[in-house]
Amino acid sequence: MKKDAQIEANYQVAKEKYASVGVDTDKALNQLQNISLSLHCWQTDDVTGFENAGGSLTGGIQATGNYPGKARTIAEVRQDIEKVKSLLGGDHRLSLHAIYGDFGGQKVDRDQIEPKHFQSWIDWAKANSMKLDFNSSSFSHPKSGDQSLSHRDKGIRDFWIEHTIRSRRIADEMGKQQGDKACHNLWVHDGMKDVAVDRLLYRQNLKDSLDKIFANKFENVKDAVECKLFGTGLESFTVGSHEFYMGYAVQNGLMATLDLGHFHPTEEIYDKISSLLLYTDELLLHVSRPVRWDSDHVVILNESVTMLAQEIIRANALGRVNIGLDYFDASINRIGAYVVGARATQKAFLMAMLEPIAKLREYEANEQYFQRLALLEECKALPWADVFDYFCLKNNVAVGVDFISEIEAYEKEVTGKR
């Protein structure tokens, strides 16, 4: 109780300091409370899923590390996510890939998946006050190869078209039952290791496949398409580039998915937000941390994530941006990685909400650029961490470093025994 009192006292001091620059911390806390991150189920098991026991990743992606305690069953994935949820303030969503179906030990190929294979997930999510999002899975399958929806073979394309249509139907059922639209994200790894000659052909094939996939609209789905710079083993050519999907999304009224790791190493996605929002109603984000490139390291409170959150808040776009996490680090405690990344993302948005935006806009409009820069710099020293601690206290979750010992105990009692 003494610690709680200190947290509350620190918050009152912070509240006064922010008020002195025109910021209402209570309003910022209410905003943060309403941000629902879409947690990525694949951090628990290194993107293995439950389609094939012991299956390995193919198709331009790779999880590195072999830290003990990986989830091996649906029950263990759910148990781990419940633990993560208990360490995060606010209400959050869960993003599933198609390979995480509850197949009951039966072999169900990807062009045969149905809503019934995810009904137990829907029921579990309801019981845990979570909502679901969904992703089609084009990788790690005998028919993946180097291309899927862009393949020269019509039979291969048709297989993946059917899979993706069924994935959207599953997302629609999720959205219907939870009373809130489910985001469906489409990413395919399609590309080539070395020089490609018929680039236009592959992109025509991909566009034709997408046209067939999106021919039917689903009432309870928010559709998104995700670009990439290149995939591991497919370094020279990616069919679904940023330009390809940006054009397709704008032309067809879909969301573009922006992943922090899917662009050139010196390219920041925050600057794309305001441009895309002029032409699309909503965006989907995959918050990750690239090191050199798309290595999907755990999100930390670095400049990229901070600038991303700032741009969304400054553009008053919270209601138009769907925020998902996307990293899979198997080199450290997976639950710890999950929580560090999620809390870092929350911290970035809180810091952005605590900016004295009205005063900053006034300075900018008056061409008072020294004053704008000075105020931005001074804001970095304001006690945002005390506001975040109070947010955690109000949500009855671990404050500060206290979550470390909780995860250590969970490892000793649960994951360490797997």
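Quick note: the coordinates plus some simple rules give every number you see, no bench work behind them. Remember, predicted model here, so these are calculated numbers, not experimental data. FYI the Cβ positions are ideal-geometry reconstructions off the backbone, even for glycines, and counts take in every protein chain you see.
Quick notes on this structure:
- Folded to 0 to 90 degrees: helix 242-252 orientation relative to the chain principal axis, Cα: 90 degrees
- Spin-label model, Trp293 to Lys27: label points 7 Å out along the Cα-to-beta-carbon direction sit 4.4 nm apart.
- Applying the Karplus relation 6.51 cos²θ - 1.76 cosθ + 1.60 with θ = phi - 60° to segment 347-362 yields 3J(HN,Hα) values of 4, 4, 6, 4, 4, 5, 5, 8, 6, x, 4, 4, 5, 5, 5, 4 Hz, where x marks Gly and Pro.
- Helical mean residue ellipticity (222 nm; -39500 (n - 2.57) per DSSP H run of 4+; nearest 500) of the chain: -13500 deg cm²/dmol
- Longest exposed-site-free window of the chain, the sites being GluC sites (Glu not before Pro) in a DSSP loop that have at most 13 other C-beta atoms within 10 Å: 1-218
- Angle in degrees between helix 384-394 and the longest Cα principal axis of the chain, rounded to the nearest 10: 80 degrees
- Flagged links, alpha-carbon separation over 30 Å, of Lys116/Lys212; Lys17/Lys412; Lys222/Lys359; Lys272/Lys347: Lys17/Lys412; Lys222/Lys359
- Around the amide H of Val287, modelled in the peptide plane, lie the amide H atoms of Gly324, Leu325, Asp326, all under 5 Å away and 5 or more residues distant in sequence or on another chain.
- Against the chain, whose longest principal axis comes from its Cα atoms, helix 199-213 is set at around 80 degrees.
- Cα gyration tensor category, rounded, prolate or oblate, for segment 213-327 with a/c compared to 1.5: oblate
- Max mean-square fluctuation residue, GNM over the chain, Cα-Cα springs under 10 Å, options Thr238, Thr44, Thr280: Thr280
- The chain - share of DSSP beta bridges that are antiparallel (%, nearest 5): 15 percent
- Distance between segment 30-53 and segment 367-394 - C-alpha centres, whole angstrom: 30 Å
- Measuring between their Cα centroids, segment 299-363 and segment 250-286 lie 15 Å from each other.
- 11 Å beta-carbon shell around Ile122, net charge (K/R +1, D/E -1): +1
- Taken one residue at a time, the phi angles of segment 142-148 give Karplus couplings (6.51, -1.76, 1.60, θ = phi - 60°) of x, 9, 6, x, 8, 9, 10 Hz. Gly and Pro are set to x.
- Note on Glu413 and Lys193: their simple-model spin labels are 4.9 nm apart, each label 7 Å out from Cα toward Cβ.
- Taking amide H positions as modeled 1.01 Å from N, with prolines and chain starts lacking one, the residues under 5 Å from Ser137 and 5 or more places away or on another chain are Ala98.
- Loop trypsin sites (Lys or Arg not before Pro), segment 15-79, which have at most 16 other Cβ atoms in a 10 Å radius of their Cβ (DSSP): Arg72
- Dipole magnitude (debye, nearest 20) for segment 86-244, charges at Cβ of Lys, Arg, Asp, Glu: 160 debye
- Top of Ala249, Ala196, Ala337 by mean-square fluctuation, Gaussian network on the chain, Cα under 10 Å: Ala196
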